[in-house]
Structure formats: structure tokens, C-alpha cells
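Undergrad: Dropping a structure here in C-alpha cells format, bear with me for questions.
Quick note: the coordinates plus some simple rules give every number you see, no bench work behind them. Quantities reported herein were computed from a predicted structural model and do not represent experimental measurements. Ideal geometry is used to build each Cβ from the backbone, glycine not excepted, and the neighbour counts take in all protein chains shown.
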């Protein structure tokens, strides 16, 4: 990992600020955007505690009034705005926050994340239709089942790294979907219909109106944000950062890497299952096709686009990925083309994501950090194993 | 006997990287493993620190059989390693990297931090700099300092001279001997055989996964066969030193 090349990197931090006129247009835009965000970050880091809380409260306030038609008329002229806010926006944000623990914190590339979403959704659908279980206790069961399945998937596979792990998780996502298609007990390809809505809460009825569901998912999102921040700043979070940046080195520091990777998987799965239960509670009907591979890919795109490992970035990424295609529904099928173009442009101009954490950017510059290179770690690992086998052949 | 490696074998797939390596390290020693590329030096260290599983053989450390112990527990037992390629956490600052080094031990690490900063004043100047933006020499210092944070009984160093300018190599080596003087046993892997042999008390010469020679370091320095193969005596038979790194006689404080 950058071993043999001896570059005088010590001074790059000082001379990083190059003349903004140098370079082609893309490089210039990229630099000015990243400079502007640096300034913002520094402001934020220097802000007093009450100022930050003010911003948090304003953001929560904004989220609470978000479903109002005034905002909706601009944000979503083509679709019912409150429905959009629940699904896909709310669901995507919650899923992205969960995947962020796996990808952004621990640096594990998970391409089958939708499986946990499906497990949560099917838990509610099955137990509520077959045994009449109520929503809230089933939420706990669904979350637990998803976490357990995260451990079951992780235990044999987390010895793999990078691309190999990605392929196995991709397989897991498909296995769960195909199992659902082929299991008549849970409706097979027809899925499960007549999933009951949650019971009344504080006098609020949960029926077809998306608003109460939006507030459920909003409170869960806030809960998961607090949980993520606490985790990231704990001993666990430091261990994850070490694993993400250099797994072997982490083990040499005394970090039980395998156990912490498993924990990251289970935590991510837990949040995915949570999203699944809430989703199923709203939609009445689920089928295996609600959980395609492309959803895993979309959520991963949201995390990477927003800035993996950084919660505001991940939320922004998930919001944009969910919202943009709906906002431009007027462009009919071209919208997907534009959506793709926007994604490509963002990744070209800002490869570290829209709002990356400072640490993440340092990792990317170095070219390490598991997901930071999107499987590039494997390139390196196989390169070193080539060296080893070449060594052994001598 | 602090560390005893007994007939260990390590495989990468079907390829044997170590074909029965045995070595011992006594408390307070500096022991060097020298050899060409592919001799199995790094693999030996990885096997000792637990990054590579053994196919056969045993490793004893401090009176305990650690052959099946997971790597993170070997750190607690007292084995510290500065890995191949330094293994710095690029996104963490120097200080955070050092604190990661003490991860296995809970509680305050101020004493260890002070000691590392005293050994490496350069790191103290750069506490808040991201590890990934440091020069190779600084990263090597950080890797060694980080390993020291766990207060290891034995320090495993994998090619501390790799990719460094001669003056930095000399500096790093003098710090290694200082660390040893303060009571830490050192097991050192080096391609830079001349430097390593001047520093070490004893050395093992590895070739294709086997120990072919072991002797006091001073003896190996004058051994004609070792000179020919590893000290640049005869370029036709030489392997390690012919490719890029000339030996740097002198320079060691």
C-alpha cells in the first residue's frame, strides 16, 4: 500500500491549494466546489454548541413541515408529495443510513442489502396475516430477524474481502428474493396481500393517508441518526474506521476485526429490517419483485453519491436519488437518462461524494479504505498475493 | 526464551511459502531475518503476529502456545508489529493512529504517547496531520511508534528501511536500537542485509521458505557466502541487493 514509492508527500497538505485557474474546466469546478465545502466544514466545526443545535432543530422542523402542499407544489408537481416523502424518499434515507454503517463505517461492500429490507417486510406481512400479530411487536421481531440474518450471512462470508464479499452478498440478496418466489407459505410469486396497517397511535389512524407513515419513518430516521453518531464516536466506531482503512493493521492493533465486521453487518441489517417492516405496514401488498437487486444498487449509489461515512451526505444522497427521478417525471422516460447523466456528472466532479467526511477524503487520496476504492482493495490484495506467489515460486 | 517458532509451515493456496521454519528470540535481543524476495521473511512475521494461519508447526510466546490464538489477542499477549508497507491509517491523524495502537489496552495512554513522541519528535510536530499525507519516513516512524503504544514485549518490524533514503534508514535504525536498549525485544525483517546485520545480535538467513543459516550477526557479516549473496560481494550470485538497493556501509549511529 504505497510502500515502495517514496514521494515527498509531507508537504502536500501545505501546497494543496493550487492556483484555481490551472487545469481544465472539470478540474477547476471540482476544486472550487471542494474549497467551498471546506470553508463550510470549518465554519461548522467552529460553530458553538447552541448554533449547531439550532441547525439540527431547524432541520427537524423542516422535515416536520415538509409534507405541506406549499413545499410539495414545487418539489413534486407530478406525484402526490406526501406519498413520495414516505416512499421512496423516507425509505431510501432509512436504508441508506443502515447501509452507511456497513459501507461507510466498516468499509464492507454489501451488494445484497435489499435482502434485509425484504426480511423485515416479509416478517410483518407473514406474521400479521397468518397469526394476526400487531405492527409494533412485529417491528421488534422483524428487526431482530434481520439482524440475525445479517449474522448468518456475515459469519461465513466476512472472511472474504472487497470484491469477493460483494459477490457473495449480491448472491445473498438474490437468494432471499428467489426463496420468496419459490416458497408458497409466504405467497410465492404472488406475494402477500391484505397486510394490516399499524393500530392507532395517539389517536392517529393509519390508513391510506401517507402522512402518519411519514412521521413514523421520520422518527425512526432520527433515531437511527442518533444511534449512528453515537456508534461512530465510540470504541466500536474507531475499530470500524481502522478496519475500513487497513484491516490487517487493525488486527495488529488488537481490534477483533471479524467480530466488529459482523457487528457492522448486523447493525446495517437491523436498520434495513426496520425499513422493511414500516414499508410493509404501509403498502398492504408485497411481492418478491419489490426487492430487486437494483434496489441494493440504488441504495449503494445513494451512499456513495452523498459521501459514504458522513450522515448528512448519505441523507442528501438518498434524498436526491429518490427525489430526482420523481421530480422530473414530466420528462417521461428521458428522466432516467438525465438521472444517469447527473450521477455520472456528480461522480466525475466530486468523486468523494457530495458531502464527504474529511477523513474519508484523506482515505480516498491515499487510495485505501475498502469501499473508498470500491473494491480496489482486492486489486491490491490480489496484487500482493501475486507478489507472494511469485516469491514462493522462486 | 521469549519467542520460539518451531517448524512452521504456511501455505498460500497450494504454494508453500514457509517449509518448516524454526527460530528463537531471547528476551532483550535484536534478531534479524534476512533473505531475498520470496524467502518467506514477511510471511514468517505474519505467522507470528497471527495474520496468516499455520498449516503445521507451533509458535510459543512467553511460555504459552499461541499457534491458534487470533491475531488481536496476540497483541494483548505482547506481540507488536509494524507491518509490511507500514499500514498507516491514512484518514486518521498521527495522534489518532497512535491511539489506535493502544486500542487493546483500555484506559489512559498518556505515558505511552509521551514516550513515543519523545522517541520520534517528528511525530510530535505532526500530531494533527493525516497519516496518509506523511512522507514515507514519517509513516515508518508512525508505524513503529504505533506498535509501541501497546507496550509489546517483542516488536516485529517488517522492512523498516523499505523505500527510504539512506539518511532516514540510519535514523530509523538508531531509533530501533534505542527502543531495544529500553527493554523491548526486536525481531527485524530486512532486505537491507548490511544494515540489519550491523544492528542485530543474531540473524537467520532465509531462502525459499527455509532457514539456511543462523549465527551471530557479526559472524554473518564476514561470512563469504552471505557476503556474496546478500551484501553485494558478488553481483552474479547476489539477489536481494542487486535489484535496487545498494548497501550503505556506515551511517549507523
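Undergrad: Could you work out the mean count of beta carbons from other protein chains within 10 Å of each residue's beta carbon in B:2-12?
TA: Numbers: counts 0, 0, 0, 0, 0, 0, 0, 0, 1, 1, 5.
Average neighbour count from other chains, rounded to a whole number: 1.
Undergrad: What list do you get for B:118, B:159 if you sort them by fewest beta carbons within 10 Å?
TA: On the way: B:118 10, B:159 23.
Ascending Cβ contact count within 10 Å gives the list B:118, B:159.
Undergrad: Here's another thing I want to ask about it. Work out, in µm²/s and without decimals, the Stokes-Einstein translational diffusion coefficient of the stretch A:177-324 at 37 °C, 0.692 mPa s, Rh from Kirkwood over C-alpha pairs. Write down the numbers at each step before the final one.
TA: Working: Rh = 17.8 Å.
Estimated diffusion coefficient is 184 µm²/s.
Undergrad: Expressed as an acute angle from 0 to 90° and rounded to the nearest 10, what is the orientation of the C-alpha long axis of helix A:311-327 relative to the principal long axis of chain A?
TA: The helix A:311-327 is inclined about 60 degrees to chain A.
Undergrad: Going by average Cβ density within 10 Å per residue, which order do the peptides A:262-275, B:189-202, A:338-351 take, highest to lowest? Each step should come with its number before you reach the end.
TA: Working: A:262-275: 27.1, B:189-202: 23.8, A:338-351: 13.7.
Sorting A:262-275, B:189-202, A:338-351 by mean packing, highest first, produces A:262-275, B:189-202, A:338-351.
Undergrad: Tell me the angle of helix A:49-65 to the major Cα principal axis of chain A, expressed in degrees between 0 and 90 and rounded to the nearest ten.
TA: With both axes taken from Cα atoms, the answer is about 40 degrees.
Undergrad: Kindly put A:258, A:291 in sequence by how many other C-beta atoms sit within 10 Å of each C-beta, fewest to most.
TA: Values: A:258 18, A:291 25.
If I rank by nearby Cβ atoms, fewest first, I get A:258, A:291.
Undergrad: Please compute the Cα-Cα pair-distance distribution of the protein assembly as shown with 20 Å bins starting at 0, giving whole percents from short to long.
TA: With 20 Å bins starting at 0, P(r) equals 18, 45, 28, 9, 0.
Undergrad: Let me know the mean shielding of B:121-133 by other chains, meaning the per-residue number of their Cβ atoms within 10 Å of its Cβ.
TA: 4
Undergrad: Same structure, new question: Average partner chain C-beta neighbours within 10 Å, per residue of B:77-88? Kindly include the intermediate steps, with their values, before the conclusion.
TA: Values: counts 1, 0, 2, 3, 5, 2, 6, 4, 9, 5, 13, 7.
Across the residues of B:77-88, the mean count of other-chain Cβ atoms within 10 Å is 5.
Undergrad: Compute the distance in nm between two label points, each set 7 Å from the Cα along the Cα-to-Cβ direction, one at residue A:189 and one at residue A:136.
TA: Placing both labels 7 Å along Cα→Cβ, they lie 4.0 nm apart.
Undergrad: With each label point set 7 Å from Cα along the Cα-Cβ vector, what nm distance links residue A:164 and residue B:212?
TA: Going from the residue A:164 label point to the residue B:212 one covers 3.2 nm.
Undergrad: Arranged by the count of other C-beta atoms within 10 angstrom, fewest first, what order do B:109, A:261 take?
TA: Working: B:109 18, A:261 26.
Ascending number of Cβ neighbours within 10 Å: B:109, A:261.
Undergrad: OK, next. Efficiency by 1/(1 + (r/R0)^6): what FRET value for residue B:219 and residue A:202, r their Cβ-Cβ distance, R0 = 60 Å, to the nearest 0.05? Intermediate results must be reported in sequence, preceding the final value.
TA: On the way: r = 84 Å, r/R0 = 1.40.
Efficiency for this residue pair is about 0.10.
Undergrad: OK, next. Using only DSSP helix segments of four residues or longer, with each worth -39500 (n - 2.57), what per-residue ellipticity at 222 nm results for the protein assembly as shown after dividing by its residue count and rounding to 500? All intermediate terms of the calculation are to be shown ahead of the outcome.
TA: Numbers: 29 runs with 358 residues, N = 647.
Calculated from helices alone, the mean residue ellipticity at 222 nm is -17500 deg cm²/dmol.
Undergrad: Right, here's the next one. At 7 Å along the Cα-to-beta-carbon direction for both residue A:34 and residue A:348, put a label point, then send me their distance in nm to one decimal.
TA: 1.7
Undergrad: Moving on to the next point. Highest mean first, what order results for A:107-118, A:125-136 on Cβ atoms within 10 Å?
TA: Numbers: A:107-118: 29.3, A:125-136: 16.5.
Highest mean packing first, the order is A:107-118, A:125-136.
Undergrad: For the stretch B:107-178 and the stretch A:286-326, write down the distance between their C-alpha centroids in whole Å.
TA: Centre-to-centre distance over Cα atoms comes out at 42 Å.
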